Amino acid sequence: MVDDLGRWAEPGLLVLASLAEGEKHGYAITADVTEHVGVTLGPGTLYAVLGRLEERGLIEGLPADGRRRPYRLTAAGAAELSAQATRMQQLAALSLGRLALGTATA
């Protein structure tokens, strides 16, 4: 398991979440992330992230379709995304619960 994906808006995590829906090429990943999360991944960032994720076995590149090369999530990538999402969910619940307690006592 990869422990260094970072903050919730970490590009690697955003790419994994996008590919959880199905295979996509770079532009489709960028458009999906922008539409659903409001974060724009520049081409340099995107392709560096795709390389790192592929190197770690979390995604795999598929044969190119013309100039576009699609990527898909691997089983390891799905497991990592699930683990990260669960941790974020736990942190969100903890944070919101503590904020509610702080607001009630403030």
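The values are calculated or read from the model by the stated rules, or taken from the named source; none is laboratory data. Here the structure is a predicted model, which means the values were calculated and not measured. Every residue, glycine among them, receives a Cβ derived from its backbone with ideal geometry; neighbour counts consider all protein chains shown.
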Inset, instruction - Could you list all residues from region 51-67 that are closer than 13 Å to Leu16 by Cα and assigned to a helix (DSSP H, G or I)? - result: Gly51, Arg52, Leu53, Glu54
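Could you tell me which residue of region 70-106 is nearest to the chain's Cα centre (by Cα), considering only residues that are assigned to a loop (DSSP other than H, G, I, E, B) and at pLDDT 95 or above?
To start, the set of residues in region 70-106 that are assigned to a loop (DSSP other than H, G, I, E, B) comprises 70, 74, 106.
Now narrow it down to the ones that are at pLDDT 95 or above: 70, 74.
Values: Pro70: 16, Thr74: 13 Å.
Top of the filtered list is Thr74.
Quick check on region 76-96. Is at least one of its residues among the basic types (Lys, Arg), surrounded by 10 or more Cβ atoms within 10 Å (Cβ to Cβ), free of Cβ contacts under 8 Å to residues at least 60 places away in the same chain and within 13 Å of Gly26 (Cα to Cα)? Walk me through how you get there before you give the answer.
Filtering region 76-96 for residues among the basic types (Lys, Arg) gives 87.
Subset that is surrounded by 10 or more Cβ atoms within 10 Å (Cβ to Cβ): 87.
With free of Cβ contacts under 8 Å to residues at least 60 places away in the same chain added as a condition, the list becomes 87.
Filter again for within 13 Å of Gly26 (Cα to Cα), leaving none.
The answer is no, given that none of the residues of region 76-96 is among the basic types (Lys, Arg), surrounded by 10 or more Cβ atoms within 10 Å (Cβ to Cβ), free of Cβ contacts under 8 Å to residues at least 60 places away in the same chain and within 13 Å of Gly26 (Cα to Cα).
Across region 63-106, what is the number of residues that are touching an Asp or Glu at 6+ places or on another chain (Cβ under 6 Å) and of a type outside the set (D, E, K, R)? Lay out the reasoning, then the answer.
Going through region 63-106, the residues touching an Asp or Glu at 6+ places or on another chain (Cβ under 6 Å) turn out to be 70, 72, 74.
This time we only want the ones that are of a type outside the set (D, E, K, R), so: 70, 74.
Final tally of qualifying residues: 2.
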Inset, instruction - Could you please find all residues in region 25-50 being part of a loop (DSSP other than H, G, I, E, B) and in contact (Cβ under 8 Å) with a residue 12 or more places away in the chain? - result: His25, Val39, Leu41
